[in-house]
Amino acid sequence: MVESILIPVVSLTVTAIVLGGCIVFVSKKYYVYEDPMIEKVTTLLPGANCGACGYPGCAQLAAALVETKDATAVCPVADEETMAKIGEVLGMTLSGAKPLVCTVRCQGSNAVSKETARYHGIMDCWAALQVFHGTKLCPYACIGLGSCLNACNYDALSLSDGLVHIDGERCVGCALCISECPTQVLEMTERSAWRYYVACSSRDKGNLTRKYCDVGCIACQRCVKECPADAINMEDNCAVIDQDACVACGVCADVCPTNSIVLIHDPIKTKD
Amino acid sequence: MKTFKRGGVHPPENKITADVQIEKLPTPGVVTVLLSQHLGKPARPIVEKGDIVTKGQLIAEADGYISANIHATTSGTVKSVGERVPAPNGIYAEAIVIEADGREEWAEGLNCDVDPGSLSRDEKLKKIQDAGIVGMGGAGFPSHVKLNPPKDKTVDTFILNGAECEPFLTPDYRLMLEKPSEVLKGLEIAASLFQKDITIYIGIEANKPDAISIMKNYSRGRSFTVVPLKTKYPQGCEKQLINTITGRTMLEGQLPFDVGCLVHNVATIYAIYEAIAKNKPLVERVLTVSGMQIRNRKNLSVTIGTKIEDVINYCGGIVGDINQLIVGGPMMGRAQHTFDVPVTKTTSGILFIENEKLESLRERACVRCGKCIVACPQGREPWLMANLAQNQHFDELPCYGLNDCMECGSCTYVCPSKRDIVHWIKYGKAMAAHQKR
């Protein structure tokens with residue numbers, strides 16, 4: 001009776017000691033020195049392994065920061081505070097990237113954009129493009145099937161009414177969604193509490209844009225003329241606001257006949 | 001009867017317009033000539049708004065070697081240059097719009113008889129290039145490039161493709177019946193660009209016995225061999241046709257001249273005849289207007305640039321509802337979303353279809369039945385490519401013959417789960433290219 005308890009206990013203990021010894025031996029024998037700083041920096045980084053910095057993940061960026069002391073290797077997701085902390089650990093000043101946020105330069109939801117046909121194929125923007133230019137008449141519009149959604153690691157994008165929406169609180173500005181959009185309606189802009197932008201990327205002439213959609217930029221130039229800060233330019237039949245020069249007075253949005261200039265309140269910046 | 005080695009399907013033939021004579025559709029008041037009706041770079045416009053043009057005048061010149069000239073398809077005034085209009089391939093493309101004056105006046109020196117025998121090889125090639133002739137079966141590859149293979153390749157077999165395996169379509173069949181001597185003269189001209197002892201075959205599917213007998217009659221005393229082919233889709237595809245007639249197999253990435261062959265379809269050969277013997281550039285083509293939902297189903301000789309709207313009006317309008325307007329054949333054609341799409345050099349048919357099941361069709365999971373593998377004429381595994389594309393493994397796709405697939409649609413046709421296999425493969429091709437970039 002005692003044997004049936006004693007034998008397994010003793011044998012397992014012996015095995016554990018032997019194997020433990022092996023582990024100790026191997027870890028001593030094959031020890032690779034790793035800078036403890038890398039570990040420290042990695043824990044400070046956001047840890048999403050999104051790849052927006054250009055490295056495969058956060059640990060690799062940390063290694064690059066520690067080994068090369070390269071001040072240009074910056075995590076675009078981390079805020080200034082985090083980067084300052086990392087700088088403290090490394091004994092250098094890291095400024096950190098300016099916080100960016102993604103914006104959709106299109107307002108062509110199903111309600112305002114003219115529909116061309118019903119689409120029954122694969123629900124992906126790139127797949128729809130193999131057949132025709134999306135269900136919207138405008139060739140520059142957001143196709144609205146959500147190819148960008150898969151690219152986002154932070155769940156900041158959502159689809160509703162045939163248009164992509166961005167949750168400004170969740171978006172970290174990693175820019176991974178930008179290259180996934182076949183019509184390139186996504187754009188990174190700097191975060192600021194108040195921001196006016198042109199929510200249209202149509203490069204066609206005004207009369208064509210008017211045919212496509214009710215809220216497109218028709219290149220009438222009224223905003224360019226009225227802007228007190230001279231911050232608006234026309235590029236390829238579409239207004240572009242220079243965010244550095246913009247004073248956020250809102251005159252452009254008031255004069256825009258198609259309401260294609262939109263004001264965004266940044267949820268994070270407004271909180272500050 | 002001869003046929004290709006692997007795969008193939010038998011869709012219902014539906015050649016409703018087989019007995020309808022080719023009619024000339026009068027040139028509409030406005031023609032929209034696209035700048036890109038071929039593979040390669042779009043042509044560069046050389047006219048301006050307000051210019052008066054005559055029929056056959058060059059209005060946009062080829063931009064580079066793999067490109068094709070575009071001519072005014074009627075006489076009149078240029079209304080706009082570079083305007084973006086819906087194109088049959090689903091995108092918006094630049095076009096030249098001409099307001100017709102109704103006189104159909106040919107440009108100087110065109111539309112006259114020329115003796116092809118008096119021209120040298122280079123002159124003939126130059127004329128084909130100037131006439132803007134492209135493969136009119138659907139791909140639109142510039143013919144002067146195809147007819148002038150690299151010096152190190154020898155072409156010993158010339159094949160006239162009269163298979164016309166797509167259901168509904170009959171333009172090539174009607175051309176063979178109504179213009180047999182012209183088509184064969186065109187074939188002689190095209191073959192004269194090569195060495196004397198080149199073997200010439202005419203491949204025609206067995207469901208067109210009239211065309212086979214008429215071609216046999218007309219080729220008497222000439223060195224053409226008419227080959228009846230088993231009716232099976234995609235018999236008219238270049239790779240399958242070469243395999244059927246010569247027994248040679250094109251490997252992945254190979255072009256027809258790599259196996260010593262050259263394939264031209266009937267419409268292209270007819271255009272070559274017109275260009276050389278009649279001095280006419282490519283300004284009109286024969287196409288089939290068919291499908292259950294159009295009042296009069298016809299074979300029409302249409303001025304390039306005519307909008308589908310004008311074709312519908314000429315054919316008596318649409319009967320009932322349609323939910324699919326297809327340009328090309330039902331297997332490889334493209335669904336359109338507007339009647340404003342103009343006819344191009346490669347439009348071989350316009351189909352009006354009401355598919356009741358379309359709204360309720362939803363693709364289901366692959367059941368691994370293997371029907372698509374049996375149907376694939378290239379001997380590939382379409383289900384695997386579709387599933388890989390669906391699961392975003394784009395880098396693995398080329399290992400399974402992604403670029404060998406010519407999107408013939410046989411797999412999608414046989415799939416019991418109604419999977420959009422070809423669409424997934426097209427998506428995979430686009431994404432593989434996007435990721436490489």
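The values are calculated or read from the model by the stated rules, or taken from the named source; none is laboratory data. Computed from a prediction, not measured in an experiment: that's the story for all the values here. Quick reminder, even Gly has a Cβ in these numbers, built from the backbone with ideal geometry, and neighbours come from all protein chains shown.
Does B:PHE141 satisfy the condition of being at pLDDT below 95, under 28 Å from B:VAL289 (Cβ atoms) and hydrophobic (A, V, I, L, M, F, W, C)? Judged against the criteria, B:PHE141 is a match. Residue-level check: of (1) of a type in the set (Gly, Ala, Ser); (2) at pLDDT 90 or above; (3) over 28 Å from the mean Cα position of the chain (by Cα), B:ALA432 misses just (3).
Screening segment B:73-95 for residues that are in contact (Cβ under 8 Å) with a residue 40 or more places away in the chain and assigned to a loop (DSSP other than H, G, I, E, B) and picking the one that is nearest to the other protein chains (Cβ to nearest Cβ) gives B:GLY90.
The set of residues in segment B:23-50 that are of a type in the set (A, V, I, L, M), closer than 20 Å to B:SER75 by Cβ, touching a Ser or Thr at 6+ places or on another chain (Cβ under 9 Å) and not in a strand (DSSP E or B) comprises B:LEU25, B:ALA43.
Does A:LEU149 satisfy the criteria of being surrounded by fewer than 21 Cβ atoms within 10 Å (Cβ to Cβ), in contact with a helix residue (DSSP H, G or I) (Cβ under 7 Å, 6 or more places away or on another chain) and within 14 Å of another protein chain (Cβ to nearest Cβ)?
No: the conditions fail for A:LEU149.
Restricting segment B:378-396 to residues that are within 13 Å of chain A (Cβ to nearest Cβ) and touching a Gly at 6+ places or on another chain (Cβ under 7 Å), the residue that is farthest from B:GLY253 (Cα to Cα) is B:ALA389. Against the criterion of being away from chain B (no Cβ under 14 Å) and over 19 Å from the mean Cα position of the chain (by Cα), A:SER109 qualifies. Within segment A:123-144, being more than 9 Å from every other protein chain (Cβ to nearest Cβ), in a loop (DSSP other than H, G, I, E, B) and not hydrophobic (A, V, I, L, M, F, W, C) holds for A:GLY134, A:TYR140, A:GLY144.
Checked against (1) outside any loop (DSSP other than H, G, I, E, B); (2) more than 18 Å from B:GLY253 (Cβ to Cβ), B:CYS399 passes all but condition (2).
Taking the criterion of being within 11 Å of chain A (Cβ to nearest Cβ) and surrounded by fewer than 23 Cβ atoms within 10 Å (Cβ to Cβ), the residues of segment B:337-369 that qualify are B:HIS337, B:THR338, B:ASP340, B:ASN355, B:LYS357, B:LEU358, B:GLU359, B:SER360, B:LEU361, B:ARG362, B:GLU363.
Among the residues of this structure, A:LYS28 does not count as one that is surrounded by fewer than 19 Cβ atoms within 10 Å (Cβ to Cβ) and closer than 26 Å to A:ALA193 by Cβ.
Matching residues to (1) crowded, with 19+ Cβ neighbours inside 10 Å; (2) among the acidic types (Asp, Glu):
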residue: B:THR3; (1), (2): no, no
residue: B:PRO11; (1), (2): no, no
residue: B:PRO26; (1), (2): no, no
residue: B:LEU35; (1), (2): yes, no
residue: B:VAL53; (1), (2): yes, no
residue: B:GLY64; (1), (2): no, no
residue: B:VAL81; (1), (2): yes, no
residue: B:GLU94; (1), (2): no, yes
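Among the residues of segment B:16-42, those identified as within 26 Å of B:GLY329 (Cβ to Cβ) and of a type in the set (A, V, I, L, M, F, W, C) are B:ILE16, B:ALA18, B:VAL20, B:ILE22, B:LEU25, B:VAL31, B:VAL33, B:LEU34, B:LEU35, B:LEU39. Restricted to segment A:240-253, and to residues there that are touching a residue at least 24 places away in the same chain (Cβ under 8 Å) and of a type outside the set (S, T, N, Q), the residue that is surrounded by the fewest Cβ atoms within 10 Å (Cβ to Cβ) is A:GLY250.
Got at least one residue in segment B:103-113 being under 13 Å from B:LYS49 (Cβ atoms), in contact (Cβ under 8 Å) with a residue 12 or more places away in the chain, not in a loop (DSSP other than H, G, I, E, B) and not assigned by TED's automatic domain parsing to the domain that holds B:LYS146? Taking every residue of segment B:103-113 in turn, none turns out to be under 13 Å from B:LYS49 (Cβ atoms), in contact (Cβ under 8 Å) with a residue 12 or more places away in the chain, not in a loop (DSSP other than H, G, I, E, B) and not assigned by TED's automatic domain parsing to the domain that holds B:LYS146. On the stretch given as segment B:130-157, residues that are within 18 Å of the chain's Cα centre (by Cα) and either basic (Lys, Arg) or under 16 Å from B:ALA267 (Cα atoms) (or both) total 16. Pairing residues of segment B:308-329 that are under 12 Å from B:GLY291 (Cβ atoms) with residues that are part of a helix (DSSP H, G or I), at Cβ distances under 8 Å and at least 6 apart in sequence or on separate chains, gives B:ILE318/B:ILE312; B:ASN323/B:LEU358; B:ASN323/B:GLU359; B:GLN324/B:LEU358; B:LEU325/B:ILE308; B:VAL327/B:ILE308. Listed by position, the strands (runs of 3 or more DSSP E) enclosed by segment B:258-377 that each have at least 2 residues that are farther than 17 Å from B:LEU25 by Cβ and out of contact with any Pro (no Cβ under 9 Å at 6 or more places or on another chain) are B:261-265, B:324-327. For segment A:238-252, indicate whether the set of residues that are in contact with a helix residue (DSSP H, G or I) (Cβ under 8 Å, 6 or more places away or on another chain) and assigned to a loop (DSSP other than H, G, I, E, B) is non-empty. No - not one qualifying residue is present in segment A:238-252. Taken over segment B:210-230, residues that are out of contact with any strand residue (DSSP E or B) (no Cβ under 8 Å at 6 or more places or on another chain) and assigned to a helix (DSSP H, G or I) amount to 5. Out of all the residues in segment B:414-432, is one or more more than 12 Å from chain A (Cβ to nearest Cβ), buried (at least 21 other Cβ atoms within 10 Å of the Cβ) and of a type outside the set (A, V, I, L, M)? Yes, segment B:414-432 has at least one match. Note on segment A:85-122: residues that are free of Cβ contacts under 8 Å to residues at least 24 places away in the same chain, within 29 Å of A:VAL198 (Cβ to Cβ) and outside any loop (DSSP other than H, G, I, E, B) amount to 1.
Among the residues of segment B:230-256, those that are more than 15 Å from B:GLY7 (Cβ to Cβ) and more than 19 Å from the chain's Cα centre (by Cα) comprise B:ILE245, B:THR246, B:GLY247, B:ARG248, B:LEU251, B:GLU252, B:GLY253, B:GLN254.
Checking B:ILE425, B:ILE373 one by one, the residue that is touching a residue at least 12 places away in the same chain (Cβ under 8 Å) and β-branched (Val, Ile, Thr) is B:ILE425 and no other. The single condition among (1) of a type in the set (A, V, I, L, M); (2) surrounded by fewer than 21 Cβ atoms within 10 Å (Cβ to Cβ); (3) over 30 Å from A:VAL262 (Cα atoms) that A:VAL41 does not meet is (2). Among the residues of segment A:62-75, some residue qualifies, meaning at least one is under 29 Å from A:SER158 (Cα atoms) and not assigned by TED's automatic domain parsing to the domain that holds A:MET188.
Using the structure shown, decide if B:GLY253 is in a loop (DSSP other than H, G, I, E, B) and crowded, with 21+ Cβ neighbours inside 10 Å.
no
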